[in-house]
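> Before I ask anything, here is the structure I am working with.
Nothing in this text is a laboratory measurement; each read-out follows from the coordinates by a stated rule. Since the structure is predicted, the reported quantities are computational estimates derived from the model, not experimental observations. No Cβ is skipped: glycine too gets one built from the backbone with ideal geometry, and neighbour counts run over all protein chains shown.
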Amino acid sequence: YGFELIMGIITIGLVLIFTKRDKKVPDYKAYLNSNHWKRVRKRTLKHYGYKCMICGKTNNLQVHHNNYKCLNHEHYKDLIVLCAYHHKMIHNKL
C-alpha cells in the first residue's frame, strides 16, 4: 500500500508540472467524440493496465492529456489514466 501511495503522489506532481493549460484547443469536445480518440483511449487504458495511475482503482477510468500538442497523434507519454475523482482533482488543481 505504501508503494502505491508514493507512486500516486509522484504521478500527481509530474502531472501538475508537465500539463500545459495555456493552449486552447479548438473543437476539443468534438475530438473526444471522434472514433480516433475512442481507439486511442482504449489503447491507452490497455497499455497502462486499466487502472488509475494515482490510486490503482479500476472503475470510472478516464484518459487525461498531459498536453495538447499531439492531438490526433498522441504518444503514451502524452496521456495518463486516472479515475474520475483524480482526473477532476488534477483539473481543479490546475
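> Every residue in region 58-94 that is of a type in the set (D, E, K, R) and either touching an Asp or Glu at 6+ places or on another chain (Cβ under 8 Å) or loosely packed, with under 15 Cβ neighbours inside 10 Å (or both), please.
Scanning region 58-94 gives K69, K77, K88, K93.
> Also, I was wondering about something else. Under 6 Å between Cβ atoms, at least 6 apart or on separate chains: pull out the pairs that start in region 38-64 with a residue that is in contact (Cβ under 8 Å) with a residue 24 or more places away in the chain and end on any residue that is of a type outside the set (S, T, Y) and part of a loop (DSSP other than H, G, I, E, B).
Pairs that qualify, where the first residue is in contact (Cβ under 8 Å) with a residue 24 or more places away in the chain and the partner is of a type outside the set (S, T, Y) and part of a loop (DSSP other than H, G, I, E, B), are V40/E74.
> Take the conditions without any contact (Cβ under 8 Å) to a residue 60 or more places away in the chain, within 29 Å of E4 (Cα to Cα), of a type in the set (S, T, N, Q) and not in a helix (DSSP H, G or I) and apply them to N67. Does it pass?
Answer is yes for this residue.
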